Amino acid sequence: MILRHRSKPLPLQLIDAAIPRLPQHSKFLTELKKDAKIRQQGYNGEIKVDYFIDSLAPKYTILHDVYLRENGRNFQIDSLVIADHSIFIVDSKNYTGSITFNTILKQLTRNDGKVESGYEYPITQVENQSFHMQNWLVQHKVTGIPIYGYVAIADPSTIIKVEGNEQEIAEVVGHGATIPKMIMDKDGAMGRTGKEKLQAYQIGKIILRECREFNINMFKHYGMRPTDILPGVICPECKLLGMSRVHSSWECKRCGCHSRTAHLNALSDYFLLVNDLISNSECMRFLGLNSRHAVSRILKNSNLIYYPHVRKWGKPEN
Ligand SMILES: [Zn+2]
């Protein structure tokens with residue numbers, strides 16, 4: 001069963017919400033757009049690999065996007081599969097072109113047809129993740145479970161090459177579609193050694209309880225200020241910032257589109273980028289409205305919770 005599903009990573013949510021809210025000539029746009037592209041590519045790769053990993057759900061316990069703290073340090077695992085006799089860590093990599101693992105230099109290079117670039121060696125990454133996971137489990141009184149790490153190449157058209165020991169790479173690296181069988185074969189072999197069956201669901205629950213959400217402090221990270229974020233309602237059709245309120249609806253001056261709910265996205269952006277709570281006057285500013293009444297009505301109808309002690313509205317707790 002799948003105990004934890006993947007959702008769009010918070011840093012990507014933040015960046016995607018910030019980009020349309022920066023002035024057109026903002027010096028931050030180039031870097032944000034570049035990072036959004038890289039993060040989106042990684043996320044797309046993870047989703048592609050999840051599709052294959054999830055085929056193991058009837059047999060094994062699966063947790064996606066596991067983010068834990070061990071010994072004062074955080075570590076992140078793309079997918080964790082708790083099988084009958086062992087635990088598997090799967091790290092997704094989304095590259096285009098061809099990639100070369102050099103087993104002697106412990107180096108990964110990618111060639112996209114134009115440029116050759118170097119990357120952190122994925123095998124070392126999964127080894128470190130396995131090490132952290134093992135320590136974390138011991139701290140939570142779960143001991144004696146073998147952990148194996150795999151690197152899943154998300155794009156089936158990526159060509160995998162090896163310099164050095166090909167067998168070494170073949171044992172731990174494969175395209176997404178091949179990973180479930182690698183896991184089943186390995187776990188089956190463990191079973192034949194007479195190892196006792198794991199309490200997979202219980203172990204999964206312990207991990208799930210301690211899972212955190214990975215995030216970045218976007219303003220600190222990019223050196224931006226909260227005042228760089230422009231207020232206003234974004235047109236759902238042409239993405240222009242600054243829809244006008246006309247009768248109980250929003251109207252776009254550029255494309256003429258009407259929407260009754262466009263402010264809901266603006267409120268989501270506010271909660272992501274500005275603050276967890278919003279007051280009536282902050283909402284007037286952010287939505288660009290000067291009627292206290294209209295804003296009250298909007299806040300009451302936006303599925304938010306009112307906190308009387310601070311006189312602000314916030315999202316309901318999950
Ligand atoms: Zn528009």
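The values are calculated or read from the model by the stated rules, or taken from the named source; none is laboratory data. Just so you know, these numbers come straight off a predicted model, no measurement behind them. Glycine also receives a Cβ, built like all others from the backbone with ideal geometry; neighbour counts cover every protein chain displayed. Surface areas here come from the heavy atoms of the whole protein model, side chains and all, with no ligands, DNA or RNA. Shrake-Rupley method; radii C 1.70, N 1.55, O 1.52, S 1.80 Å.
Of the residues in the range 58-82, how many are open to solvent by less than 20 Å² (accessible area, probe 1.4 Å), modelled with pLDDT of 95 or more and of a type outside the set (Ser, Thr, Tyr)?
Selection size over the range 58-82: 11.
Looking at (1) closer than 28 Å to ILE15 by Cα; (2) free of Cβ contacts under 8 Å to residues at least 12 places away in the same chain, find the lone condition where LYS141 falls short.
Result: LYS141 passes all but (1).
May I ask you to verify whether ILE2 is among the β-branched types (Val, Ile, Thr) and either in contact with a strand residue (DSSP E or B) (Cβ under 8 Å, 6 or more places away or on another chain) or surrounded by 14 or more Cβ atoms within 10 Å (Cβ to Cβ) (or both)?
yes
Can you name every residue in the range 42-74 that is without any contact (Cβ under 8 Å) to a residue 60 or more places away in the chain and either β-branched (Val, Ile, Thr) or part of a strand (DSSP E or B) (or both)?
ILE47, ARG73
Please state which of the following conditions THR143 fails to meet, knowing it meets all the rest: (1) modelled with pLDDT under 95; (2) farther than 18 Å from ASP187 by Cα.
If we test THR143 against (1) modelled with pLDDT under 95; (2) farther than 18 Å from ASP187 by Cα, just (2) comes out false.
Out of (1) surrounded by 15 or more Cβ atoms within 10 Å (Cβ to Cβ); (2) under 30 Å from SER98 (Cβ atoms), what's the single condition that is false for GLU163?
(1)
Here are GLY242, GLY204: which of them is touching a residue at least 12 places away in the same chain (Cβ under 8 Å) and within 16 Å of the ligand (Cβ to nearest atom)?
GLY242
When the range 275-288 is examined, which residues are found to be modelled with pLDDT of 95 or more and either over 28 Å from ASN215 (Cα atoms) or of a type outside the set (Asp, Glu) (or both)?
LEU277, ILE278, SER279, ASN280, SER281, CYS283, MET284, ARG285, PHE286, LEU287, GLY288
With respect to VAL172, determine if the residue is modelled with pLDDT of 95 or more, open to solvent by less than 70 Å² (accessible area, probe 1.4 Å) and away from the ligand (no atom under 16 Å from the Cβ).
Taking the combined requirement at face value, the residue satisfies it.
Which one of GLY174, GLY204 is over 21 Å from the mean Cα position of the chain (by Cα) and not in a loop (DSSP other than H, G, I, E, B)?
GLY174
Open to solvent by less than 30 Å² (accessible area, probe 1.4 Å), in the same structural domain as ASP50 (by TED's automatic domain parsing), part of a loop (DSSP other than H, G, I, E, B) and at pLDDT 95 or above: is that true of HIS85 in this structure?
Taking the combined requirement at face value, the residue satisfies it.
On the given criteria, is ARG39 within 16 Å of LEU137 (Cβ to Cβ), open to solvent by 30 Å² or more (accessible area, probe 1.4 Å) and either modelled with pLDDT of 95 or more or not in a loop (DSSP other than H, G, I, E, B) (or both)?
Here the answer is no, as ARG39 does not meet what is asked.
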